[in-house]
1. Which condition breaks for B:ALA163 when tested against (1) over 16 Å from A:LEU84 (Cβ atoms); (2) at the interface with chain C (Cβ under 9 Å from one of its Cβ atoms); (3) at pLDDT below 90?
2. Looking only at segment C:21-61, which residues are surrounded by 18 or more Cβ atoms within 10 Å (Cβ to Cβ), of a type outside the set (Ser, Thr, Tyr), away from chain A (no Cβ under 14 Å) and touching a residue at least 60 places away in the same chain (Cβ under 8 Å)?
3. I need a count of the residues in segment C:140-176 that are in a helix (DSSP H, G or I), among the aliphatic types (A, V, I, L, M) and within 12 Å of chain B (Cβ to nearest Cβ).
4. The conditions are (1) closer than 28 Å to B:ILE140 by Cβ; (2) in contact (Cβ under 8 Å) with a residue 60 or more places away in the chain; (3) aromatic (Phe, Trp, Tyr), and A:PHE53 fails exactly one of them. Which is it?
5. B:ALA178: aliphatic (A, V, I, L, M) and assigned to a helix (DSSP H, G or I), yes or no?
6. Within segment A:65-75, how many residues turn out to be modelled with pLDDT under 80 and either crowded, with 20+ Cβ neighbours inside 10 Å or touching a His at 6+ places or on another chain (Cβ under 7 Å) (or both)?
7. Can you go through C:ALA419, C:ALA398 and tell me which one is closer than 30 Å to C:PRO268 by Cα, in a helix (DSSP H, G or I) and out of contact with any Lys or Arg (no Cβ under 9 Å at 6 or more places or on another chain)?
8. Please pick out the residue among B:ARG149, B:ARG173 that is of a type outside the set (Gly, Ala, Ser) and at the interface with chain C (Cβ under 8 Å from one of its Cβ atoms).
Amino acid sequence: MGGMKHRGMTPIVQTTAGWVKGFTLVFGAYIVAYGHLTPGGGFAGGVILALAFVMLVLANGSKGIPRVLNIDFVAKLDSVGGLLFLGIALLGMLPGLGGAFFNNFPVKVLHIGTPFRLVSAGIIPLCNIAIAIKVASSLFLLFILLILLRIVRTDGESGE
Amino acid sequence: MFELLGVVLLFTTIAAIVAIETRDLLGVVVSVSAVGFGLIIAFFFMLAPDVAIVPIVVEVLTLVILIRATLRVGLQPFVGNRDFFGFIATAAALVVVFILSMKVFEGLPKFGQPVFATIPDTPSMHYVTNGMSETGAANIVSAVILDYRAYDTLGEATVLFTAVMGAITIIRRKARKAPSEPEVQEWEE
Amino acid sequence: MMQILPLFVAIPLAAGFIIPLVGRKNPRLCDALGNATTLALLLMAISVIGKSGVYWVGGWLPKAGVPLGINLVLDSTSVLMLLTITGISFMVTLYSIQYMDKYTARSRFYSLFSLMVAGMIGVALTGDLFNLYVFLEIASIASYALVAFGCQHEELEASFRYLVLGSVSSALILLGIAIVYALTGTLNMAQISKVIGVSSKPLFYFAVALFISGFGLKAALVPFHTWLPDAHPAAPAPISAMLSGVLIKTIGIYAMARVLFNAVGMTPLFLSVLLFLGALSIMVGVLLALGQDDMKRTLAYHSISQMGYVVLGIGLGTRLGIAAALFHLMNHAVFKTLLFLNAGSIEYATGTRDYNKMGGLREKMPVTGATSLIASMSISGIPPFNGFWSKLFIIVAAVQAEKYGYAAWAVIGSILTLASFTKLQKRAFYEEPKEAAQVAKEVPVLMQASMIGLALLCVFMGVLWIPQIRDSFFMAAAKALQEGFVYATHILGE
Amino acid sequence: MHYALCLTLFMVGLYGVLMKRNLIKIIISLVILESAVNLFLIMLGYRAKGIAPIMDGTIPPDTFVRNSVDPIPQALVLTSIVIGVGVTAMTVAIALRLYERYGTYDIQEIRRLRG
């Protein structure tokens with residue numbers, strides 16, 4: 001795996017991608033945030049967020065992604081998303097919050113939120129956010145791994 | 001409406017056959033996406049917007065990956081089937097299974113009449129009746145996947161995590177080392 | 001009181017997420033976390049012996065007999081599976097500390113391992129059909145990756161075949177679940193068993209056929225066994241041990257038994273199908289094993305054969321038959337894990353799995369030699385080791401059920417197993433040392449500790465069959481499986 | 001009729017998995033197989049002249065109950081699609097690695113090269 005090498009596309013594509021980038025990110029965030037009211041949710045929104053970055057990489061080449069989004073960081077984000085989701089589930093087990101794994105404590109115990117509003121449905125939007133982080137980083141990571149990295153035979157272990 | 005759905009499904013099935021049988025790379029890519037979009041339209045027809053939205057995005061990602069995976073090979077044609085007799089045997093077996101299953105499928109609830117509307121005491125009935133008041137979510141599918149059946153969704157997120165972890169593991173640069181050697185870096189930044 | 005049940009799944013999941021987060025640069029930390037996880041799980045499993053209960057995830061208690069959420073069920077059968085899974089996992093992680101020095105990416109290894117354990121525990125505990133599928137997929141996907149962990153030709157190819165057949169079996173199982181849903185409108189196993197009764201609809205038989213072939217593929221019963229002899233030997237030794245020792249049992253046999261007995265309901269027809277598949281597996285597995293030169297491949301074929309005994313016992317359908325089958329399942333987990341760890345030690349020391357290149361290892365590797373001898377005697381059914389008792393009682397149960405042919409068949413299978421292992425022991429440990437065996441020396445101490453622990457279990461587990469323990473443990477587990485309807489009322493609380 | 005088409009799709013996928021030699025084709029067949037099962041599940045929940053299981057405040061609750069399609073199969077399919085993506089990703093990773101080792105996607109060629 002000799003690092004990420006990808007040249008990118010023509011300036012026209014790059015400029016358009018630049019314009020569409022913001023829109024895609026906002027759209028993804030909307031799909032995540034309103035998942036409990038409209039079709040969509042953490043998974044669909046997460047994929048859209050991942051696609052925004054995928055588009056940037058395809059248009060601009062490996063220089064197009066911010067420095068922080070290296071494999072190491074995205075892999076960590078992946079774990080963090082999973083832990084967040086599990087954490088929300090475990091939070092419901094606390095004695096004051098209902099004491100059940102995956103208890104929807106904001107609705108059942110704390111009575112937060114009004115129907116049809118953004119703040120409603122308790123842990124559902126929170127879970128959506130955790131899932132979106134997880135899915136976006138997972139898919140972006142897959143993209144980097146399967147598309148950008150050249151697998152080079154560097155280990156002299158192959159038996160031929 | 002029913003007929004239209006039938007046409008979409010027929011189109012999807014034909015696209016699937018083409019995707020598997022054609023030897024040309026472009027044909028494969030086009031027909032795979034045709035299968036995907038046929039399914040999406042079918043999901044929309046069957047009133048599953050939540051489900052339809054996911055394959056749209058997944059389809060795009062899968063296609064990107066597929067194209068890149070095959071492009072790396074160049075445009076070499078796909079090879080054909082395993083062998084002729086195996087083909088005959090498999091095809092015959094599949095046709096027999098198909099006919100048997102069709103006979104058996106007559107026992108299914110009639111298309112358009114879901115089972116939860118005909119059988120008493122199903123969880124689905126409870127969800128559509130009380131889901132909104134119990135969970136606060138207007139989207140009952142969200143209420144099911146993230147509240148009633150949230151444990152499944154935790155499993156689903158874990159499956160994705162596992163698959164990515166597996167892919168990272170399989171694509172790593174060096175897999176074996178001598179016991180005395182220190183741990184190596186998995187990739188260059 | 002049952003608050004511990006979700007923790008059984010949450011702890012290994014958390015370990016799976018945390019280990020790659022903190023352990024990339026620090027392999028020893030990975031060892032510590034991985035072992036701590038499995039040890040904690042083992043202690044938790046021991047703490048729930050003799051208990052039973054139902055846990056509703058999310059606090060969704062059933063309303064008027066309608067289950068709303070997903071439930072976790074602890075009964076005698078799942079306690080037995082929990083003990084097997086966690087016990088073997090702990091022994092295997094202990095062994096991995098030093099064995100995995102041969103591989104890179106330790107954090108990934110422990111992460112995938114924890115996720116696989118989480119998946120298996122999820123399968124063992126769940127009371128929901130679709131949830132079973134989800135956790136089965138976690139365990140399967142982790143195992144596909146772990147089979148390919150060495151990234152060499154053999155591993156990759158074996159993993160690909162395993163993955164393709166595994167996915168097909170998952171699709172069959174999911175189709176079966178969909179059909180059951182179409183018949184009953186629910187996914188809760190307890191409610192399904194109440195609604196479905198013993199239906200004679202052809203659709204019902206179709207669903208059961210899908211389940212038997214799907215879970216049969218996962219369990220590698222004979223017409224569906226082709227992937228196993230490639231996949232199990234290819235993996236690193238601790239993973240081979242986990243796959244043969246626990247995975248095929250949990251996501252294959254246990255899941256099949258659970259679905260058939262407690263959800264869709266067992267009928268004499270299904271029992272006779274299971275009997276036949278079991279008998280076929282016993283013979284085909286052992287005959288194919290006799291022709292092998294590769295040590296781990298031999299063991300893999302024996303796994304097929306021994307799974308045949310378990311399925312045969314379950315297929316008898318009697319209380320004693322099922323209890324003995326469950327006992328054999330547990331015993332097989334112990335001795336097959338030990339045998340694979342022995343094979344791993346030999347590979348670690350000599351670099352080969354071909355026992356034509358070994359010989360004389362008894363002097364060079366005394367601990368491996370002695371433990372391997374115990375395990376070989378145990379799998380061949382020589383008294384007083386644990387394998388003898390479980391096989392004996394499977395045969396006794398077959399005789400009691402007046403299936404004399406099957407009883408004789410099982411005895412013949414056992415004799416052939418003995419022949420195969422005599423050959424293995426002679427070639428590997430006794431004959432003149434060949435070139436690969438010249439330089440061999442005993443493996444590091446933690447690997448020895450793990451093997452000795454398992455060998456002690458082989459010697460003393462026969463004690464579990466004394467009537468007091470047997471009745472409260474194995475017979476109770478068999479009873480829980482047999483009385484499908486009692487299970488339903490117990491869970492839905494009526 | 002609709003079930004028959006869905007079943008045909010399943011059989012097409014099964015045929016591809018069993019008969020194809022090209023790794024990429026096998027992966028495509030697996031995807032089709034999984035899609036067929038997903039489609040079947042959604043079909044089970046469909047209600048003629050129904051409405052999607054999302055409330056918007058304008059439909060009276062009792063109308064919603066009488067007309068909503070079944071939400072459970074939709075939830076299951078969402079889960080199973082994600083599982084499918086995971087499996088596909090793993091398969092592609094293994095296939096790429098196999099290609100890098102052997103320079104071909106032909107499964108028989110791979111077996112022959114391994115010897």
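The values are calculated or read from the model by the stated rules, or taken from the named source; none is laboratory data. Because the structure is predicted, anything quoted here is derived from the model rather than measured. Cβ sites come from the backbone with ideal geometry, for glycine too, and all protein chains shown count toward neighbours.
1. Going through (1) over 16 Å from A:LEU84 (Cβ atoms); (2) at the interface with chain C (Cβ under 9 Å from one of its Cβ atoms); (3) at pLDDT below 90 one by one, B:ALA163 breaks only (3).
2. First pass over segment C:21-61, keeping only residues surrounded by 18 or more Cβ atoms within 10 Å (Cβ to Cβ): C:23-24, C:27, C:30-31, C:33-35, C:37-38, C:41-42, C:45, C:48, C:54-60.
With of a type outside the set (Ser, Thr, Tyr) added as a condition, the list becomes C:23-24, C:27, C:30-31, C:33-35, C:41-42, C:45, C:48, C:54, C:56-60.
If we keep only those that are away from chain A (no Cβ under 14 Å) too, we end up with C:27, C:31, C:34-35, C:41-42, C:45, C:48.
The answer is C:PRO27, C:ASP31, C:GLY34, C:ASN35, C:LEU41.
3. Of all residues in segment C:140-176, those in a helix (DSSP H, G or I) come to C:140-147, C:153-176.
Among the residues that remain, those that are also among the aliphatic types (A, V, I, L, M) are: C:141-142, C:145-147, C:156, C:158, C:163-165, C:168, C:171-175.
Imposing the further condition that a residue be within 12 Å of chain B (Cβ to nearest Cβ) reduces the set to C:141-142, C:145-147, C:156, C:163, C:172, C:175.
Result for segment C:140-176: 9.
4. Unmet for A:PHE53, out of (1) closer than 28 Å to B:ILE140 by Cβ; (2) in contact (Cβ under 8 Å) with a residue 60 or more places away in the chain; (3) aromatic (Phe, Trp, Tyr): (1).
5. On the way: aliphatic (A, V, I, L, M): yes; assigned to a helix (DSSP H, G or I): no.
Criteria not met by B:ALA178.
6. Going through segment A:65-75, the residues modelled with pLDDT under 80 turn out to be A:65-71.
Next, only the ones that are either crowded, with 20+ Cβ neighbours inside 10 Å or touching a His at 6+ places or on another chain (Cβ under 7 Å) (or both) stay: A:71.
Summing the residues that are modelled with pLDDT under 80 and either crowded, with 20+ Cβ neighbours inside 10 Å or touching a His at 6+ places or on another chain (Cβ under 7 Å) (or both) in segment A:65-75 gives 1.
7. Details: C:ALA419 fails: closer than 30 Å to C:PRO268 by Cα.
Going through C:ALA419, C:ALA398 in turn, the sole match is C:ALA398.
8. Values: B:ARG173 fails: at the interface with chain C (Cβ under 8 Å from one of its Cβ atoms).
Going through B:ARG149, B:ARG173 in turn, just one is of a type outside the set (Gly, Ala, Ser) and at the interface with chain C (Cβ under 8 Å from one of its Cβ atoms): B:ARG149.
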